Amino acid sequence: MIPFSILDLAPVADGYSVADSLAMSRRMAMAAEENGYARFWLAEHHGMAGVASSATSVVLSYIGAATSTIRIGSGGVMLPNHSPLVIAEQFGTLAELYPGRVDLGLGRAPGTDMQTARALRRNMDASVDSYPDDVLELQRLLGQGTQGVMAVPGHNTHVPLWMLGSSLYSAQVAAEFGLPYSFASHFAPDQLIQALTVYRRNFKASEQLAKPHTMAGVMAVVAETDEEAKYLFTSAQQQFVNLRRNRNLPFSKPVDNMNEIWSPSEKHMVEHMLQYAMVGSKESVAFQLTSFLELTKVDELIVSMPIHDSEARLKSLRLMAEIRDGL
């Protein structure tokens, strides 16, 4: 049985507040720990009405205080938005508060639009170009290095780094630096197999990792019946339609008929992007999941559960754990 983890965006559901959203993420993390999930990661996004995890390290501390054994981390921190020193201090603090439980997943995208990225006050062109150097600097700040600036907290915490991505570039950087690699197949499926292959073939052992270690992301909506799961999944489908239409809205309530909302071209786009989503009853999702794991041969799976109703989201988490245990 490979480890299953949860990727959470602290979704701000239509009709609910940001405070409600963060409280629900806390409940999800506690349920994930209770049901044997390995990690609970939060993703950095900015300026999105449906996402409350922009201050990722702050929310992770809230999650860490409510749990005791599950690993907590970023999936990921968008490093071009920050100086490596700031992230080393933030995650070094988390590592001191919750020792042995903190992961630092790194991404290269800004996690927002360019106007918001500029408001984050980093030179976006320069920081993206310097991404590999920033990763190495962050690794130094979290390690035992004594030369140059010191991160306090952060120094000598050795918070494990993960490289996240949806392209061959991120796979190559992860392989070169000998870091574990997580592919964002939950929304960017096209280069999944090619990226995993590039990573595995080019991997160089490092102090952190002796051999390649892969993770892939999927969306999952598990319910009592296929029909109920497909209904709940219309919230995620609407979210992607809204993104394409440049509509910044809270996470939508499910609908009975998506054909009243999307155009044929939008339907094609959304279904292509979400081709690896696991939607259905336990039996249906178990079949889909087995096929995905056989295809990718990943070492871990990380699951996001884009469900509007909080109780249905918790139920999906529990049912997915039952599927895992039955594999």
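Grouping the Cα pair distances of segment 158-226 into 5 Å bins from zero gives a pair-distance distribution of 3, 19, 28, 19, 12, 7, 5, 3, 2, 0 percent in increasing distance order.
With the cut-off at 25 Å, tell me which of the pairs Lys230/Lys315; Lys267/Lys297; Lys204/Lys297; Lys267/Lys315; Lys211/Lys315; Lys230/Lys267 have Cα atoms farther apart than that.
Long pairs (Cα-Cα over 25 Å): Lys267/Lys297; Lys267/Lys315; Lys211/Lys315.
Each principal axis of the Cα cloud of segment 1-68 was taken in turn, and the coordinate range along them, longest first, works out to 37, 21, 17 Å. Over all Cα atoms in the chain, the spread is summed up by Rg and Dmax: 19.0, 61 Å.
For the chain, what is the calculated [θ] at 222 nm in deg cm²/dmol (nearest 500), taking -39500 (n - 2.57) for each run of four or more DSSP H residues and dividing by its residue count? Provide the component values of the computation, followed by the final result.
Values: 12 runs with 148 residues, N = 327.
Per the formula, -14000 deg cm²/dmol.
All distinct Cα pairs of segment 67-120 go into the 1/r average, and the inverse of that average, the Kirkwood radius, is 12.2 Å. Modelled label positions at Val255 and Ala23, each set 7 Å beyond Cα in the direction of Cβ, lie 2.9 nm from each other. Here is the list for segment 160-215: trypsin sites (Lys or Arg not before Pro) lying in DSSP coil, each with at most 14 other C-beta atoms within 10 angstrom of its C-beta, are Lys204. Both numbers refer to the Cα atoms of segment 178-327; Rg and Dmax are 16.7, 54 Å.
With a simple spin-label model that places each label point 7 Å from the Cα along the Cα-to-Cβ direction, the separation between His158 and Gln115 comes to 4.7 nm. By how many degrees, 0 to 90 and rounded to 10, does the Cα axis of helix 282-296 deviate from the longest principal axis of the chain? Here the helix axis deviates by roughly 40 degrees. Taking the chain as a Gaussian network of alpha-carbon nodes connected by springs under 10 Å, the highest mean-square fluctuation of the residues Phe91, Phe177, Phe40 belongs to Phe177.
Using only Cα coordinates, the Kirkwood hydrodynamic radius of segment 1-126 works out to 14.9 Å. Taking only alpha carbon atoms, segment 52-174 gives an Rg to Rh ratio of 0.95, where Rh is the Kirkwood radius.
Just order 235-245, 260-270 by mean Cβ neighbour count inside 10 Å, highest at the front, would you? Write down the numbers at each step before the final one.
Details: 235-245: 19.8, 260-270: 13.5.
Most protected by this proxy first, the peptides run 235-245, 260-270.
Summarise the accessible area of segment 218-321 (1.4 Å probe, protein heavy atoms) by the percent that is carbon and sulfur. Each step should come with its number before you reach the end.
On the way: 2440 of 4850 Å².
Exposed carbon and sulfur together represent 50 percent of the surface.
Can you list, largest first and rounded to whole Å, the semi-axes you get for segment 114-273 by taking the square root of 5 times each eigenvalue of its Cα gyration tensor?
For segment 114-273, the semi-axes come out at 37, 20, 15 Å.
Just the accessible area per residue of the chain, please: how many Å² with a 1.4 Å probe?
On the way: 14370 Å² over 327 residues.
Result: 44 Å² per residue.
The alpha carbon radius of gyration of segment 272-323, expressed as a multiple of 2.2 N^0.38 Å, is 1.16.
The values are calculated or read from the model by the stated rules, or taken from the named source; none is laboratory data. Predicted model only: the values in this text are computed from it and were never measured. Because the Cβ atoms are built from the backbone with ideal geometry, glycine has one as well, and the counts that use them run over all protein chains shown. With ligands, DNA and RNA removed, areas are computed over all heavy atoms of the protein, side chains included. Shrake-Rupley method; radii C 1.70, N 1.55, O 1.52, S 1.80 Å.
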